[in-house]
Structures are given as C-alpha cells and as structure tokens.
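Student: One structure is given below, represented as structure tokens, and several questions about it will come after.
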Amino acid sequence: MVKPLKVGLKAGAGPLPGYSWNVAYLSVARDEAMGFLNDEQYAHSVDLVRALATEPDPTHPLTVTVETVEDFYELKDKGGVLGKINLRVYFIVERKDKMILIISAIKKEAEGQMPTWVKIRVRHRLRKFHAGEFGRLA
C-alpha cells in the first residue's frame, strides 16, 4: 500500500546552507502532477518547491510566486519548460513543525479566479490531514 503522506525534503539538507523548511507531500498530489506533467516538467515543479523551502518565509517568498487563498497557499508558474501549462501547487505551512505540506497540484485551464472544485478538494484534504487520516511522518 502506498503511504499517503511522504517526506520530500528535510530542513538542513540540500546545498549549503541547507533547506530552511521540511517539505512533505500527499502522494495523491504527486499523482495529480504526474498526470499532466512530463518528467522534465515535474522536475521543474520540484525545483520550485525546493526554492520555496529555502525561503525564510514560504508564504512571502522572493524566488517564486505565491498567493494566499483562504487558509492555504497557491504556488504559480507558467511558461519555460512548462510551455502553455499553467501550474498551480497548493500547500500549507505548519510553522510549529517548520513544514511545508503539498496538498494538491493542478493544470489551471481557465483565466480568472481559482476554480471552486479546487477549493473544495483542498479543504477536504486539509480536514483529513488534520484528523490524521493521511498518517504521520516518520
């Protein structure tokens, strides 16, 4: 059985001076991203998250574009290796554990506001995470 909550990065690891934040992700979020990204594009999305993990405050980064949506955050990218893909990665920040948790990833199809179905998906996964339904990190 696939573990639903996985470790992506550990604070202090990586190139000097090391990552400032731990990163965890839901396996379903990785599966979503792999459903519309090729290997090179997925590697780029991982690099975006790595950049986020180096920031003093991942909710107000200098290296990537992040916006607040309700009580979670949206990492945005488009162009370059992504081509016409409008990538959105949704995450929360658990300051107590110094952790960024990746909750969902989508290919945004329409201009304008975040689709309602995405908000519902993220809220649902957040409830399950806080209830411990995704398990614990080792």
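Student: Kindly indicate which of 11, 51, 43 is touching a Gly at 6+ places or on another chain (Cβ under 8 Å) and over 23 Å from residue 111 (Cα atoms).
Tutor: 11
Student: Within the range 24-69, count every residue that is charged (D, E, K, R) and either within 15 Å of residue 100 (Cβ to Cβ) or not in a helix (DSSP H, G or I) (or both).
Tutor: Start the filter on the range 24-69 by keeping residues that are charged (D, E, K, R), which leaves 30-32, 39-40, 47, 50, 55, 57, 67.
Keeping just the survivors that are either within 15 Å of residue 100 (Cβ to Cβ) or not in a helix (DSSP H, G or I) (or both) gives 30, 47, 50, 55, 57, 67.
Count: 6.
Student: Right, next: Determine which member of the set 78, 84, 96 is touching a strand residue (DSSP E or B) at 6+ places or on another chain (Cβ under 6 Å) and not hydrophobic (A, V, I, L, M, F, W, C). It would help to see each step written out before you state the result.
Tutor: Details: 84 fails: touching a strand residue (DSSP E or B) at 6+ places or on another chain (Cβ under 6 Å); 96 fails: touching a strand residue (DSSP E or B) at 6+ places or on another chain (Cβ under 6 Å).
Criteria check complete, one pass: 78.
Student: Search the range 1-23 for residues being assigned to a strand (DSSP E or B) and in contact with a Phe, Trp or Tyr (Cβ under 9 Å, 6 or more places away or on another chain), and hand back the single one that is farthest from residue 124 (Cα to Cα). Write out each step before concluding.
Tutor: The first filter runs over the range 1-23 and keeps only residues assigned to a strand (DSSP E or B), leaving 5-9, 22-23.
Retained after the next criterion (residues that are in contact with a Phe, Trp or Tyr (Cβ under 9 Å, 6 or more places away or on another chain)): 5-9, 23.
Values: 5: 15, 6: 18, 7: 21, 8: 22, 9: 24, 23: 20 Å.
So, considering only residues that are assigned to a strand (DSSP E or B) and in contact with a Phe, Trp or Tyr (Cβ under 9 Å, 6 or more places away or on another chain), the one farthest from residue 124 (Cα to Cα) is 9.
Student: In the set 85, 100, which member is in contact with a helix residue (DSSP H, G or I) (Cβ under 8 Å, 6 or more places away or on another chain), of a type in the set (A, V, I, L, M, F, W, C) and over 24 Å from residue 135 (Cβ atoms)?
Tutor: Numbers: 100 fails: over 24 Å from residue 135 (Cβ atoms).
That would be 85, the only listed residue that is in contact with a helix residue (DSSP H, G or I) (Cβ under 8 Å, 6 or more places away or on another chain), of a type in the set (A, V, I, L, M, F, W, C) and over 24 Å from residue 135 (Cβ atoms).
Student: Considering the range 104-126 alone, what residues qualify as being over 17 Å from residue 70 (Cα atoms) and surrounded by fewer than 10 Cβ atoms within 10 Å (Cβ to Cβ)? Spell out the reasoning first.
Tutor: From the range 104-126, those over 17 Å from residue 70 (Cα atoms) are 106-111; that's our starting set.
Listed by number, the residues that qualify are 109, 110, 111.
Student: Let me ask you something else. Quickly run through the range 51-63 and pick out the residues that are in contact (Cβ under 8 Å) with a residue 40 or more places away in the chain and either surrounded by fewer than 18 Cβ atoms within 10 Å (Cβ to Cβ) or of a type in the set (Gly, Ala, Ser) (or both).
Tutor: The answer is 53, and nothing else.
Student: Taking the options 28, 66, name whichever one is of a type in the set (Val, Ile, Thr), within 17 Å of residue 122 (Cβ to Cβ) and crowded, with 19+ Cβ neighbours inside 10 Å.
Tutor: Details: 28 fails: crowded, with 19+ Cβ neighbours inside 10 Å.
Selected residue: 66, the only one of 28, 66 that is of a type in the set (Val, Ile, Thr), within 17 Å of residue 122 (Cβ to Cβ) and crowded, with 19+ Cβ neighbours inside 10 Å.
Student: If I ask for residues that are of a type in the set (D, E, K, R) and either farther than 15 Å from residue 29 by Cβ or surrounded by fewer than 19 Cβ atoms within 10 Å (Cβ to Cβ) (or both), which ones from the range 69-94 would you list? Lay out the reasoning, then the answer.
Tutor: Pass one, the range 69-94, residues of a type in the set (D, E, K, R): 70-71, 74, 76-78, 84, 88, 94.
The answer is 70, 71, 76, 77, 78, 84, 94.
A short reminder: the numbers here are calculations on the coordinates, not readings from a lab. Small disclaimer: the values here were computed from a predicted structure and weren't measured. All Cβ positions, glycine included, derive from the backbone under ideal geometry; neighbour counts span all protein chains shown.
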